[in-house]
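Reading through the structure tokens given below for one structure.
Bear in mind that the values in this text are calculations on the coordinates, not laboratory data. Computed from a predicted structure; not experimentally measured. Here the Cβ positions follow ideal geometry from the backbone for every residue, glycine too, while neighbour counts run over all protein chains shown.
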């Protein structure tokens, strides 16, 4: 998380309805601690989960709730609110609030304020996984982000995990610390986001090397960490291309995803998007492939299993790190190790020629899990140890480090 001061900044927080509304109270506390002045707008659904008194006590301001309140509307309260803030934050941003904003509905104080504002808006979506993945919700989010004009919409999250309803997947509201980091990013830099104008290429997931039409060599990478990194870089304003091996994850909002299968396909696609400012090579690329793929399914035979001749796959990370005009300004590799993490990661850092390498011990339950413990090694000898946390938080820490690197 970035630590930029918000002293003198004004944030209008719209609290929508949903169990995640309780996190809005912690977000207010963090904003105030960072120096921001906060006013809050509580929807009728949001008031079912948090009280106006709680928000008023934390913000130090009366809580706005209704469109037709004489004491507010004498000064056109919804217009006043929309102009007062430097940034409007919607947390939680429900499917209903997103739909109203995307389609110009203005039938309550929250939707009217969103339509009237001339400031940038940050959405922190929170809803059931099926609701979040519904094409209508995704289309509304994309529509909001794509509106032309003098202000725009950014999105932080949602995170993936267990829902209050018991289902699992993307839809959990981002943690208050992550929302604060996004707010700091939006209120800093030339257009509000520290990586705005930067181009990033991220690889994720496994590769699949065919043996015959039905079999292949692959690995247990889920792609979750790489997808989280692509999302985190996009949240900070980068233009992100995600080159992904075969995974069961939806494309991140605001990220261009390119599907590949084999290592050679991944190498070719990565090269297409260079030069770039940032390359994060988190994919678990197969080291070897079969020398000669069988045209038909290999059948069992009395002589036992077939012998497979293996040859090396191209080294994508080393190729991207090679000096030249196409080399990204910052190249980050990954080292998945089962023993001697530091020694092996540092050796890979030197051998590949990248700038940083993220080492993680995969001898435990890392593949497919939502958590990760990593160490960030740099070629100047640095080692930053990050204890086990969600892959989303790891991604956001890495994205913040990358932003700090370019700022320096």
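If I take every Cα pair under 8 Å that is 6 or more residues apart in the chain, average their sequence separation and divide by the length, what percent do I get for the relative contact order? Walk me through the numbers on the way to the answer.
On the way: 874 pairs, mean separation 46.7, N = 408.
RCO, the chain: 11 percent.
Extension gain for the segment residue 10 to residue 388, taken as residue separation times 0.36 nm less the Cα-Cα distance, is 132.7 nm to one decimal. Between helix 176-186 and the chain there is an angle of about 80 degrees, using the helix long axis and the longest principal axis of the Cα atoms.
Taking other Cβ within 10 Å of each residue's Cβ, how do 49, 406, 334 sort, fewest first?
Sorted ascending by nearby Cβ count, the order is 406, 49, 334.
Computed over the alpha-carbon atoms, the chain gives an Rg to Rh ratio of 1.03, Rh here being the Kirkwood radius from the mean inverse distance. Each label point was placed 7 Å from the Cα along the Cα-to-Cβ direction; for residue 404 and residue 338 their separation is 3.4 nm. Note on region 229-271: Cα-only Rg and Dmax are 10.7, 30 Å. Look at 355, 404 and count the other Cβ atoms within 10 Å of each Cβ; fewest to most, that gives 404, 355.
Size of region 10-186 from its Cα atoms: along the principal axes, largest to smallest, the extents are 44, 33, 30 Å. For helix 391-407, what angle does its Cα long axis make with the longest principal axis of the chain, in degrees from 0 to 90 and rounded to 10? Approximately 80 degrees, to the nearest 10. Site pair residue 33 and residue 325 shows an inter-label distance of 4.9 nm when each label is modelled 7 Å from Cα along Cα→Cβ. Between residue 134 and residue 307, how high is the FRET efficiency from 1/(1 + (r/R0)^6) when r is the Cβ-Cβ distance and R₀ = 41 Å? Nearest 0.05. Efficiency for this residue pair is about 0.25. Going by neighbour counts of Cβ atoms within 10 Å, the residues 249, 98 line up, fewest first, as 249, 98.
Here the gap between residue 162 and residue 80, fully extended at 0.36 nm per residue and compared with their Cα-Cα distance, gives a gain of 25.7 nm. On the basis of the beta-carbon distance and an R0 of 35 Å, residue 294 and residue 363 show a calculated FRET efficiency of 0.55. What's the angle, to the nearest 10 degrees (0 to 90), between helix 263-272's Cα axis and the longest principal axis of the chain? Around 50 degrees separate the two axes.
Treating each Cα of region 199-407 as an identical point scatterer and summing with the Debye formula, the log10 of I(q)/I(0) at q = 0.08, 0.11, 0.14 Å⁻¹ comes to -0.28, -0.51, -0.81. Ellipticity at 222 nm from helices only: DSSP H runs of n ≥ 4 in the chain, each -39500 (n - 2.57), divided by the residue count, give -9500 deg cm²/dmol.
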